[in-house]
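Take a look at the structure set out below.
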Amino acid sequence: MCWRCAFFFGSLKRRCPRPRGLFNLVITQACVLLLLFGAIWSVTGSECLPGGKVFGVVVVFIAAVLGGRLVSMVQFPGLPPLPPLLGMLLAGLVLRNIPYVSEAVYVQPAWSAALRSVALAVILARAGLGLDPSALRRLKAVCLRVAVGPCVLEACVVGLAAHYLLSMPWAWAFLLGFVLAAVSPAVVVPSMLLLQKEGYGCDKGIPTLLMAAGSFDDILAITGFSTCLGVAFSTGSTWMSVLKGLLEVVGGMLAGTVLGFFLCLFPDKDQEDIVVTRSFLLLGLSIFAIFLTQVLGASGAGGLCTLVLAFLAALGWGNDKVGVANVLGRCWDVFQPLLFGLIGAEIILTTLSLNTVGLGVAVIVIGLVLRLVATFALVHGAGFGLKEKLFIAIAWLPKATVQAAIGSKALDTARDVGDDALVKLGSDVLTLAVLAILITAPIGALGIGLAGPRLLSRQVKEAVNGGPPLPVQGQDPVLFESRL
């Protein structure tokens with residue numbers, strides 16, 4: 001480039017203001033989404049146009065991304081942002097229930113189920129990587145009480161309420177109980193990290209306790225769900241159905257143990273691109289386990305197999321698991337909008353029964369109230385004050401990621417069986433899972449943000465060089481990077 005051109009462009013750069021802030025972000029994201037659509041269209045052709053098989057998936061993905069962005073931009077002073085997953089869920093819900101638009105963006109059930117199964121594999125692999133045995137050893141009994149007690153009690157209470165209020169069979173009622181019983185790290189962890197950064201509750205390790213116990217709570221809920229799923233779709237006597245469900249749990253854990261030890265040994269550390277290879281093997285085996293167990297008619301075993309193999313692989317990799325967790329985090333950035341968008345698109349408002357919705361909300365509220373009371377009681381004697389116990393109970397309410405991941409699993413399995421009665425039960429489970437997300441995720445996020453500064457003590461460090469006191473940030477947030 002000659003000196004005159006360089007002078008001209010340099011002068012133009014100085015005189016023309018560069019777009020910044022929100023305007024720059026909107027233009028950039030719009031270009032990315034348009035290029036994504038163009039790239040898919042160039043490969044699939046007419047299938048990516050309205051009425052095509054790919055068009056619906058692409059539109060749901062783009063709408064979910066935009067919905068998540070819009071919700072995350074809603075900021076309240078002094079409060080954590082609303083979870084983007086709410087916007088993703090609502091985007092799919094709106095697309096499916098607008099006349100004419102719903103026909104153009106129709107997603108085939110088989111495609112939707114397959115994509116949600118892949119998202120489930122990513123979630124469970126990340127959950128397995130995120131389990132922290134050292135945190136469990138440090139927090140010991142109180143962590144186990146917080147992780148196990150509220151989850152089991154809520155599952156049982158919801159199971160009883162669903163059986164008597166919604167007339168669900170026992171196996172389906174307790175299956176719904178374990179779907180609704182899991183707490184959401186996607187809501188709890190960001191809120192805890194924000195409080196921990198400001199020094200709230202760090203003197204007694206409350207953020208660490210809740211972030212560590214969250215993963216164990218989810219594992220227990222998924223295990224209970226897998227058992228009930230095996231029982232719900234079993235034929236024959238009740239005892240044989242229970243035995244089949246337990247065998248699926250044991251089989252999934254054994255298969256996960258074998259595959260986990262395999263990943264500890266292969267590939268060797270001396271190989272090149274070991275992070276990429278480990279990530280590919282972990283994700284590939286997780287997806288294979290989910291789909292293979294579906295084909296074999298043992299859907300409950302796939303999730304446990306994925307959790308166990310990821311956990312054992314992480315133990316063998318040690319600190320090297322951080323690179324794999326980052327890769328899976330990038331995969332989750334893609335599949336999270338797909339998962340929540342497709343879950344929202346499964347709900348057709350015109351087909352919902354007001355009776356089912358009303359009684360479903362009652363079941364959810366009953367479970368939440370008992371969970372609140374149980375959590376408050378179970379942290380008694382652990383050295384927490386009245387306000388701290390109340391905060392822990394409030395922070396243990398929100399639900400989102402696990403409900404989206406496993407809430408549709410029963411419906412997909414029922415569709416494969418082809419039984420209309422089972423499809424109706426699966427639809428009810430999914431509807432209540434979506435209602436639980438819409439009710440508890442925003443309330444939980446805002447409740448933690450409001451209650452934290454008011455109920456927790458703030459620990460500060462001494463002033464440095466005459467400056468103001470600094471908040472104690474507690475444990476390193478890197479330990480919790482791989483949470484859901």
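The values are calculated or read from the model by the stated rules, or taken from the named source; none is laboratory data. A quick note: this is a predicted structure, and the numbers were derived from the prediction, not measured. Because the Cβ atoms are built from the backbone with ideal geometry, glycine has one as well, and the counts that use them run over all protein chains shown. Keep in mind that these areas ignore ligands, DNA and RNA; they rest on the heavy atoms of the full protein, side chains included. Shrake-Rupley method; radii C 1.70, N 1.55, O 1.52, S 1.80 Å.
Please determine whether any residue of the stretch 344-362 is out of contact with any Phe, Trp or Tyr (no Cβ under 6 Å at 6 or more places or on another chain), closer than 21 Å to Thr306 by Cβ and without any contact (Cβ under 8 Å) to a residue 40 or more places away in the chain. For the stretch 344-362, residues out of contact with any Phe, Trp or Tyr (no Cβ under 6 Å at 6 or more places or on another chain), closer than 21 Å to Thr306 by Cβ and without any contact (Cβ under 8 Å) to a residue 40 or more places away in the chain: absent. Of Ala171, Ala161, Ala181, all but one fail to be open to solvent by 10 Å² or more (accessible area, probe 1.4 Å) and closer than 17 Å to Ile406 by Cα; the exception is Ala171.
For the stretch 410-428, filtered to residues that are in contact with a Gly (Cβ under 8 Å, 6 or more places away or on another chain) and within 20 Å of Val118 (Cα to Cα), the residue that is surrounded by the most Cβ atoms within 10 Å (Cβ to Cβ) is Ala410. In the set (1) out of contact with any Gly (no Cβ under 7 Å at 6 or more places or on another chain); (2) within 30 Å of Ala301 (Cα to Cα), the condition left unmet by Ala395 is number (2). Considering every residue within the stretch 206-220, establish whether at least one is in contact with a helix residue (DSSP H, G or I) (Cβ under 9 Å, 6 or more places away or on another chain), open to solvent by less than 40 Å² (accessible area, probe 1.4 Å), without any contact (Cβ under 8 Å) to a residue 60 or more places away in the chain and over 30 Å from Arg458 (Cβ atoms). Scanning the stretch 206-220 turns up no residue that is in contact with a helix residue (DSSP H, G or I) (Cβ under 9 Å, 6 or more places away or on another chain), open to solvent by less than 40 Å² (accessible area, probe 1.4 Å), without any contact (Cβ under 8 Å) to a residue 60 or more places away in the chain and over 30 Å from Arg458 (Cβ atoms). Against the list (1) modelled with pLDDT under 90; (2) open to solvent by 30 Å² or more (accessible area, probe 1.4 Å), the condition Leu372 fails is (1). Can you find even one residue in the stretch 302-322 that is in contact with a helix residue (DSSP H, G or I) (Cβ under 6 Å, 6 or more places away or on another chain), at pLDDT below 90, assigned to a helix (DSSP H, G or I) and farther than 30 Å from Leu247 by Cα? The answer is yes; a qualifying residue exists. Specify which of the listed residues (Ser299, Ser286, Ser279) is polar (S, T, N, Q), in contact with a helix residue (DSSP H, G or I) (Cβ under 7 Å, 6 or more places away or on another chain) and over 19 Å from Asp218 (Cα atoms). Result: Ser279 is the single residue among Ser299, Ser286, Ser279 that is polar (S, T, N, Q), in contact with a helix residue (DSSP H, G or I) (Cβ under 7 Å, 6 or more places away or on another chain) and over 19 Å from Asp218 (Cα atoms).
For the structure I just gave you, tell me whether Leu283 is at pLDDT 85 or above and among the aliphatic types (A, V, I, L, M). Yes: the conditions hold for Leu283. Identify, please: which residue in the stretch 259-280 is aliphatic (A, V, I, L, M) and within 18 Å of Cys331 (Cβ to Cβ) and is, among those, surrounded by the fewest Cβ atoms within 10 Å (Cβ to Cβ)? It comes out as Val276. Note on the stretch 288-304: among residues that are β-branched (Val, Ile, Thr) and out of contact with any Leu (no Cβ under 9 Å at 6 or more places or on another chain), the one that is least open to solvent (accessible area, probe 1.4 Å) is Thr293. Can Gly236 be described as over 21 Å from the mean Cα position of the chain (by Cα), surrounded by fewer than 24 Cβ atoms within 10 Å (Cβ to Cβ) and modelled with pLDDT of 80 or more? Spelling it out, it is not the case that Gly236 is over 21 Å from the mean Cα position of the chain (by Cα), surrounded by fewer than 24 Cβ atoms within 10 Å (Cβ to Cβ) and modelled with pLDDT of 80 or more. Would it be correct to say that Cys331 is within 24 Å of Pro84 (Cα to Cα) and in contact (Cβ under 8 Å) with a residue 12 or more places away in the chain? So Cys331 passes the test.
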